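Quick notes on the structure that follows.
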Amino acid sequence: MADAPDYVIRDGRLYRTVHHPAGWSDAADFEIRSDGKIYALGEGGEHAPVYEFREIMLYRTASHPDGPGTHPDYYIFD
């Protein structure tokens, strides 16, 4: 588990923080949809979910560029 957040959720979208390995961005990387899944924004990624919520964790779906994951990639904290 990391000491600092990679993303922040604002208005149903995920934005990179200054702690993200690729650096801060004021443009959202992902959108949370009503189906509880997370879609990449841009370059056609918005058509298939790349992450899904399972309790307070995010898991890669089969549509993720690296394939599905059996372990969570992210934890959601308040």
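The values are calculated or read from the model by the stated rules, or taken from the named source; none is laboratory data. This is a predicted model, so every value here is computed, not measured. Please note: Cβ atoms are built from the backbone with ideal geometry, for glycine as well, and neighbour counts cover all protein chains shown. In case anyone asks, the SASA skips ligands and DNA or RNA and just uses the protein heavy atoms, side chains included. Shrake-Rupley method; radii C 1.70, N 1.55, O 1.52, S 1.80 Å.
Numbers at a glance
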| read-out | value |
| --- | --- |
| Residue-wise HN-Hα coupling along region 72-78, computed from phi with Karplus coefficients 6.51, -1.76, 1.60 (Hz; x: Gly, Pro) | x, 8, 9, 10, 9, 10, 7 |
| The chain - percent of accessible surface contributed by carbon and sulfur, probe 1.4 Å | 50 percent |
| Computed over the chain, Cα set: Rg, Dmax in Å | 11.9, 32 |
| Normalised contact order of the chain, rounded percent, pairs of Cα under 8 Å and 6 or more residues apart | 15 percent |
| Simple Cβ-charge dipole of the chain, Lys/Arg +1 and Asp/Glu -1, about Cα centre, in debye nearest 20 | 80 debye |
| Cβ-defined net charge surrounding Arg54, 15 Å radius [Lys, Arg +1; Asp, Glu -1] | -2 |
| Amide H within-cut-off set for Tyr74, under 5 Å, with H built and near neighbours excluded | Leu58 |
| Surface accessible to a 1.4 Å probe, per residue, for the residues of the chain, Å² | 68 Å² |
| Radius 12 Å from Cβ of Arg33, net charge of other residues (Lys, Arg +1; Asp, Glu -1) | -2 |
| For q = 0.19, 0.20, 0.21 Å⁻¹, Debye-computed log10 I/I(0) when each Cα of region 39-78 counts as one equal scatterer | -0.52, -0.57, -0.62 |
